[in-house]
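Asker: Quick one: the structure is below, questions incoming.
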């Protein structure tokens, strides 16, 4: 289910463009969905076909488009379609605008992931660095390692290093979570 939603998120701008082209050609929404399903791949096509079938069966627009609405950004797309059905207006322009906005959002998310890749890698490596250093010390200077592990001062140093590493890991995770990554 998660993969299907992720695939639909990526294709949501294309779904909006396909619907805009279909409605610009004068097709009813159900026909625009059905024909547009041929222009997109995978889960998005299946979602569009299912919505078209439900619309043709007489289900309300919102209920028919619920699979699109569940996808991030889909509520905006469904809302624009419903607004057009209730009040009229330029659905084609709205769908094109939504498509561009969703595509911009995807580009920004990809840029943010690329910009924070180094921090995410550091968050995985930082906790391993002290363990790697201790292993290297055991190989290169076993007497020093025994002194470190066998004395109260050495254990205090290891405990402090462990605590600081844990704090760094927590802070890196908070930063990544706040950035939405």
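Asker: When the helices in the chain are scored as -39500 (n - 2.57) per DSSP H run of 4 or longer and the sum is shared across all residues, what 222 nm value do you end up with, to the nearest 500 deg cm²/dmol?
Answerer: -27000 deg cm²/dmol
Asker: Enter the per residue convex hull volume of the chain, computed from alpha-carbon coordinates, in Å³ rounded to the nearest integer.
Answerer: 146 Å³
Asker: Return 136, 48 ranked ascending by Cβ neighbour count within 10 Å, so the fewest neighbours appear first.
Answerer: Result, fewest neighbours first: 136, 48.
Asker: Would you mind getting me the FRET efficiency between residue 126 and residue 146? Use the beta-carbon distance for r and R0 = 35 Å, nearest 0.05.
Answerer: Computed FRET efficiency for residue 126 and residue 146 comes out at 0.85.
Asker: Here's another thing I want to ask about it. Pairs of alpha-carbon atoms within less than 8 angstrom and 6+ residues apart define the contacts here; what relative contact order does segment 117-178 have, in percent?
Answerer: With pairs under 8 Å counted, the relative contact order is 47 percent.
Here, each number is a calculation from the coordinates, and none is a lab measurement. Here the structure is a predicted model, which is why all the values come from computation and not from measurement. Glycine gets a Cβ as well: all are built from the backbone with ideal geometry, and neighbour counts include every protein chain shown.
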